[in-house]
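Undergrad: One structure is given below, represented as structure tokens, and several questions about it will come after.
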Amino acid sequence: MKLLVAADGSAKLRTAALPAIADLADDVSPEVFVLHVVHAASEAWSDEELKRVMAERQHRMEELVAEADFAVQVLVEALPYGGEVDHYITLRAADLEVDAIVVTSKRATGLMAGLFGSVAQGVLRDSPVPVLVVRPPLEDSEGDAD
């Protein structure tokens, strides 16, 4: 089983996505890619600043997956100029030939309000493979962006 986890850098990776994968892959060793996409074009970063940001994000992602019960390959990639994060995630899923994409949802308030962030909605809409949507624990959802 090959899975691509779309990670936004929040604790939802460690507290929601990885435990869901562990439950799902109970008797198999999944091949897991954690993809964090840096939207470099939206920032006025120099090449040196972008390298620093990418290294910081790589370190953050590696910290978040450090306690996983299975092997995880962390991919921190810069979004090509003019690209959309959700579309990039679905393209990478096809490139990596994964069986499914894992995204975390937001906690809804009211009638389904804010259930999915815009990236998760785009992945659900455009994914070439099944998408597993994982709801984070209540304490993780406050203040998190998706």
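Undergrad: Looking at (1) within 22 Å of residue 120 (Cβ to Cβ); (2) without any contact (Cβ under 8 Å) to a residue 12 or more places away in the chain; (3) not hydroxyl-bearing (Ser, Thr, Tyr), which is the one condition that is false for residue 47?
TA: So residue 47 meets the others, but not (1).
Undergrad: Looking at residue 82 and the list (1) modelled with pLDDT of 90 or more; (2) more than 22 Å from residue 11 (Cα to Cα), which single condition is not satisfied?
TA: Every condition holds for residue 82 apart from (1).
Undergrad: Among the residues of segment 106-120, which ones are at pLDDT 55 or above and over 17 Å from residue 10 (Cβ atoms)? Let's see the steps before the verdict.
TA: We begin by selecting, within segment 106-120, every residue at pLDDT 55 or above; these are 106-107, 116-120.
Scanning segment 106-120 gives no hits.
Undergrad: Exactly one of these conditions fails for residue 135: (1) within 16 Å of residue 17 (Cβ to Cβ); (2) surrounded by 15 or more Cβ atoms within 10 Å (Cβ to Cβ); (3) modelled with pLDDT of 90 or more. Give me its number.
TA: Of (1) within 16 Å of residue 17 (Cβ to Cβ); (2) surrounded by 15 or more Cβ atoms within 10 Å (Cβ to Cβ); (3) modelled with pLDDT of 90 or more, only one is false for residue 135: (3).
The values are calculated or read from the model by the stated rules, or taken from the named source; none is laboratory data. Bear in mind the structure is a predicted one, so any value in this text is a computation, not a measurement. Cβ coordinates were reconstructed from backbone atoms using ideal geometry, including for glycine residues, and neighbour counts include every protein chain displayed.
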